[in-house]
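Peer 1: Below is a structure I'd like to ask you about.
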Amino acid sequence: MDSVEAPQSSAALLPPIVRSFVRQEYSNIDPALPEMLEVLTEVGAAECWHKKSTFKARGMYKILKIWGADDALARCGLMHSAYSNSFVNLAIFKPDVERSRVAQLIGPEAERLTHRFCVVPRQHLIQVDLLDKLPMGTADLAVPAGGLTVRHIRTAGQFLVLTMADFAEQLFSWQDSMFATQTYSSLSAPGLLPAVSPLPRRPGPMLPGLWVSAVSRMGRLVVSCKQQLDAAGDPRTAALTVPPVFNGCRCILTEGDQQAARDLYWEVAANPQLQGPQHAQQAVEKLQRVVVLNPWVPEPHLMLAQLHIHAKQWGPAREAAAAALKLFVQWGTAWDKRMPWDAWVAWTRVCYEAAVDESWPQQPLGVLSMGMVRAL
């Protein structure tokens, strides 16, 4: 009889870079990172609001490093709004007098990228020069046979990756309400933004944001940019890393599937009437539909894993928890931003190991006592 391979430990499912971020071992990630964070503290970055958190929260840097970006691009992500940019007013460094200081801190190439990121009209570059050239509403998005021709194609590729990380880290339903839009296709030139009053109270109900479809299209464009650099024999193509999300940015999430999946997920995640055991099968069916519509985000898989655990369906629970952990690792951030990414990762590991052990507490205090994971 064939032997059955033992499941991997949850620790084995975490790449070293991810584990270093979870453990906050910053010098292992980049020996210069502790000093960079110290300087950000000195200039007040930890006191400045920046969408989901503060400017010092380093979430964009984390995503870029997990995606395999080189130090220059990742450090640009750490400082991405430091001179202010076309999306945000946040000049913690003065570009007219402090560029040399920033260059000494993060390196000349990273500083040049940061400055360019802050002065280029990114809305126009991303939306008009790139996204508007591709059709919406289809999962079979095809880049024109000759590729896309835009000025500064390497810059476009890098800015696409930076914007993918920026959107993934920062956006949730508060911005959806702010712009009164169902997608982020309208985040283009300022004159094209919808004229609405910025009234939504932060943070609002904190539904997952409707940004994933736009980011999937950006990812497909990153692939096109890299293909053009490869075809030209440009050695700089090595610096343009394709993010691992969306199956290496080969797949597109349509806006219709995004909306339907998000709404179904929220019915299960936030509707008290679906929390009881008598509604478990209904919740499972809804979540199974969610992961068909949008298989690219982790939280629906984790919700499914918990329902399978409660039903003592250990095999499906283990598979769903492993799928969730894989996606959390790929993204480096959360889609459902009611909890921070590292808390989601820790809880996913707890659920995965419980499914492997085929054991779950029967009493509430037993669940509250959980938390330990293996191979610390």
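The values are calculated or read from the model by the stated rules, or taken from the named source; none is laboratory data. If you're wondering where the values come from, they're calculated on a predicted model, not measured in any experiment. As a convention, Cβ positions derive from the backbone with ideal geometry for all residues, glycine included, and neighbour counts pool all protein chains shown.
Peer 1: Identify, please: which residue in region 232-254 is β-branched (Val, Ile, Thr) and within 8 Å of Gly219 (Cβ to Cβ) and is, among those, farthest from the chain's Cα centre (by Cα)? Break it down stepwise before answering.
Peer 2: Quick first cut of region 232-254, residues β-branched (Val, Ile, Thr) only: 237, 241-242, 245, 252, 254.
Filter once more, so that each one left must be within 8 Å of Gly219 (Cβ to Cβ): 242, 245.
Details: Val242: 14, Val245: 9 Å.
Only one residue tops the list, namely Val242.
Peer 1: Do any helices (runs of 4 or more DSSP H) lying entirely in region 12-84 carry at least 3 residues that are out of contact with any Ser or Thr (no Cβ under 9 Å at 6 or more places or on another chain) and either of a type in the set (Ser, Thr, Tyr) or over 18 Å from Ala239 (Cα atoms) (or both), and which ones are they?
Peer 2: Counting at least 3 such residues, we get 16-22, 33-42.
Peer 1: Considering each residue of region 280-320, count those that are part of a loop (DSSP other than H, G, I, E, B) and touching a residue at least 12 places away in the same chain (Cβ under 8 Å), and give that number. Can you show your working first?
Peer 2: The first filter runs over region 280-320 and keeps only residues part of a loop (DSSP other than H, G, I, E, B), leaving 294-298, 311-313.
This time we only want the ones that are touching a residue at least 12 places away in the same chain (Cβ under 8 Å), so: 294, 296-298, 311-312.
Counting residues in region 280-320 that are part of a loop (DSSP other than H, G, I, E, B) and touching a residue at least 12 places away in the same chain (Cβ under 8 Å) gives 6.
Peer 1: Those residues that are part of a helix (DSSP H, G or I), of a type in the set (S, T, N, Q) and either farther than 30 Å from Ala74 by Cα or modelled with pLDDT under 95 (or both), I need them from region 241-279; list them, please. Show your work before the answer.
Peer 2: Applying the first criterion (part of a helix (DSSP H, G or I)) to region 241-279 yields 245-249, 255-270, 272-274, 277-279.
Cutting the leftovers down to of a type in the set (S, T, N, Q) gives us 247, 258-259, 273, 278.
Gln259, Gln273, Gln278, listed by residue number.
Peer 1: List pairs: first residue in region 349-376 and in contact (Cβ under 8 Å) with a residue 60 or more places away in the chain, second residue surrounded by 12 or more Cβ atoms within 10 Å (Cβ to Cβ) and of a type in the set (Asp, Glu) anywhere in the structure, Cβ distance under 8 angstrom, at least six positions apart or on different chains.
Peer 2: As it stands, the answer is Val373/Glu353; Arg374/Glu353, since those pairs meet every condition given.
Peer 1: If Asn247 meets every condition in (1) outside the structural domain of Gln313 (by TED's automatic domain parsing); (2) crowded, with 20+ Cβ neighbours inside 10 Å apart from one, which number is that one?
Peer 2: (2)
Peer 1: Could you tell me how many of the residues in region 294-319 are among the small types (Gly, Ala, Ser) and either closer than 12 Å to Tyr352 by Cβ or in contact with a Leu (Cβ under 6 Å, 6 or more places away or on another chain) (or both)?
Peer 2: Here the count works out to 2.
Peer 1: Return the residue satisfying two criteria in turn: it lies in region 146-171 and is among the small types (Gly, Ala, Ser) and modelled with pLDDT under 90, and of such residues it is farthest from Gly248 (Cα to Cα). Steps first, answer last, please.
Peer 2: Going residue by residue through region 146-171, those that are among the small types (Gly, Ala, Ser) are 146-147, 156-157, 165, 168.
Next cut, modelled with pLDDT under 90 only: 146-147, 156-157.
Values: Gly146: 21, Gly147: 18, Ala156: 18, Gly157: 15 Å.
Checking each candidate, the answer is Gly146.
Peer 1: Would you confirm whether any residue within region 364-376 is modelled with pLDDT of 95 or more and of a type in the set (D, E, K, R)?
Peer 2: no
Peer 1: Would a scan of region 40-52 turn up a residue that is modelled with pLDDT of 75 or more and within 21 Å of Trp331 (Cβ to Cβ)?
Peer 2: So in region 40-52, the residues modelled with pLDDT of 75 or more come out as 40-48.
Among the residues that remain, those that are also within 21 Å of Trp331 (Cβ to Cβ) are: none.
The answer is no; no qualifying residue exists.
Peer 1: Now for a different question. Taking the conditions exactly as written (over 18 Å from the mean Cα position of the chain (by Cα), at pLDDT 95 or above and of a type in the set (Asp, Glu)), does Glu285 satisfy them or not?
Peer 2: Yes, satisfied.
Peer 1: Could you tell me how many of the residues in region 321-348 are outside any helix (DSSP H, G or I) and either assigned by TED's automatic domain parsing to the domain that holds Ala165 or without any contact (Cβ under 8 Å) to a residue 24 or more places away in the chain (or both)?
Peer 2: From region 321-348, those outside any helix (DSSP H, G or I) are 332-340; that's our starting set.
Next cut, either assigned by TED's automatic domain parsing to the domain that holds Ala165 or without any contact (Cβ under 8 Å) to a residue 24 or more places away in the chain (or both) only: 339-340.
Residues that pass the stated criteria total 2.
Peer 1: Also: Can you tell me which residue among Glu255, Glu319, Glu299, Glu285 is surrounded by fewer than 22 Cβ atoms within 10 Å (Cβ to Cβ) and closer than 17 Å to Leu207 by Cβ?
Peer 2: Glu255 is the lone residue from the list that is surrounded by fewer than 22 Cβ atoms within 10 Å (Cβ to Cβ) and closer than 17 Å to Leu207 by Cβ.
Peer 1: Go through (1) at pLDDT 85 or above; (2) in the same structural domain as Ala239 (by TED's automatic domain parsing); (3) among the aliphatic types (A, V, I, L, M) one by one and return the number of the condition Val102 breaks.
Peer 2: The single condition Val102 does not satisfy is (2).
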